[in-house]
Amino acid sequence: MPRIIAGFLRAFFRLLYHSFAWSYDAVAWMVSLGRWNTWVESIIPFIQGSRVLEVGHGPGHLQVILARKGFPAFGLDESRQMGLQAFFRLNKFMRPKLTRGRAENLPFQAESFETIVSTFPTEFIMLPATLNEISRVLEPGGKVVVLLAAWFSGRGWVERAAAFLFKITGQVPSAKNQYQYLLQPFLVVGFIARLEWINLHSSRLLLIIAEKPIKP
């Protein structure tokens, strides 16, 4: 049964990110009980420098938040539909810096960015090809910030129901795991990585913070 659910979810999210991209915001709002943008914005304090790349920018909400906070970031996404949504959202008040591409082959020069961010990415973020490319375009001492998962901690019946749904669909790591295994792909590539927990009102977030070492 878990494999069937996982397979269904992969197909669902693929459609949601491409053919049904127009419904992405509504779905995100519903599954997060309206907290999605608050969760996404939680990564801002971890950003360093001014040269920022968002991998998997989706409909562009974080791009808008970054721009308004003084980080005119670049964004990359492989979905044409998400690229269009993000472009029109950003184009209202700034010139978008978006490109279509895959994280396993980033179209940027080496050591171009001080921070690379990704929020709620799929399994592509753990691929060696992705992490090697991220390391390549990140300057020494640069930082990777990945908002990996969120779940509800409130005691209201709606939040408890949402937490149960997140659990059975595998959208958050199991409470039985120690979580440290999530760092292994980053460590193998050479990053110095740690887990970071953020407690918000009635929800909890799990982030990976990874730094590219400065060579002596």
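The values are calculated or read from the model by the stated rules, or taken from the named source; none is laboratory data. Owing to the predicted nature of the structure, the values given are computational and were not obtained by experimental measurement. Virtual Cβ from ideal backbone geometry, glycine too; neighbours counted across all protein chains shown.
Of note:
- Taken as a whole, the structure places residue 125 among residues that are among the aliphatic types (A, V, I, L, M) and outside any strand (DSSP E or B).
- Within the stretch 99-146, no residue satisfies the criterion of being modelled with pLDDT under 95 and touching a Phe, Trp or Tyr at 6+ places or on another chain (Cβ under 6 Å).
Per-residue answers, yes or no, for (1) among the basic types (Lys, Arg); (2) at pLDDT 90 or above; (3) touching a strand residue (DSSP E or B) at 6+ places or on another chain (Cβ under 6 Å):
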site: 47; (1), (2), (3): no, yes, yes
site: 55; (1), (2), (3): no, yes, yes
site: 63; (1), (2), (3): no, yes, yes
site: 66; (1), (2), (3): no, yes, no
site: 72; (1), (2), (3): no, no, no
site: 76; (1), (2), (3): no, yes, yes
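- For the stretch 125-148, the criterion of being touching a helix residue (DSSP H, G or I) at 6+ places or on another chain (Cβ under 8 Å), more than 21 Å from residue 187 (Cα to Cα) and crowded, with 21+ Cβ neighbours inside 10 Å is met by none of the residues.
- Restricting 66, 62, 76, 84 to residues that are aliphatic (A, V, I, L, M) and part of a strand (DSSP E or B) narrows the list to 76.
- Here residue 167 passes the criteria (1) charged (D, E, K, R); (2) part of a helix (DSSP H, G or I); (3) modelled with pLDDT of 75 or more except the one numbered (3).
- Annotation note: Cβ proximity below 8 Å between a residue of the stretch 194-216 that is in a loop (DSSP other than H, G, I, E, B) and a residue that is of a type in the set (S, T, N, Q) and buried (at least 16 other Cβ atoms within 10 Å of the Cβ) (sequence gap 6+ or interchain) occurs for 212/135.
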